[in-house]
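Have a look at the structure below before the remarks.
Rule-based calculations on the coordinates, nothing more; no lab input. Computed from a predicted model, the values in this text were never measured in an experiment. Counting neighbours? That spans all protein chains shown, and the Cβs are built from the backbone with ideal geometry, glycine included.
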Amino acid sequence: MRNKNINTQFVPSRRVSSWNRNQNTVKYRFENKFGPVTHTVFVALVVTVLGLIYLTQAARITSYDYEAQRIDAQISELTNRKQDLEIENARLTALSAIEESAVAREMTEPTEIRSMGQ
């Protein structure tokens, strides 16, 4: 069964004087050429594949951007928490330093507590 879409062209051998027995005298040259519709479909397919590759690369970059934003937000939150802890540490350290000072040791408990309204 022969394929009817294949164009064949018979080209006689250029070495006519050196024919030998059991040697082909005809060369077959197949010329598969695409038509305009096949060429257009092929170009459209290539453009589509390249577009999909571009979109996957762009989506990958966007996902890295979201991850970077998430990490930046986490860094900001941890920086705020660190500042709060530094303030609390300074407050607690100051209270303990005041309680242990010489002035605080010499203070006594009041014997009588009165309000201004009494």
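Give the value in nm², to one decimal: projected area of the alpha carbon convex hull of segment 31-112, averaged over all directions.
Convex hull of Cα atoms, orientation-averaged projection: 11.1 nm².
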*Which residue, chosen from T79, I98, T56, occupies the Cα position most advanced towards the positive end of the dipole of segment 53-107, where the dipole is computed from +1 (Lys, Arg) and -1 (Asp, Glu) charges on Cβ about the Cα centre?*
T56
*asked:* Could you tell me the extents of segment 73-116's C-alpha atoms along the three principal axes, largest first, rounded to whole Å?
replied: 54, 29, 10
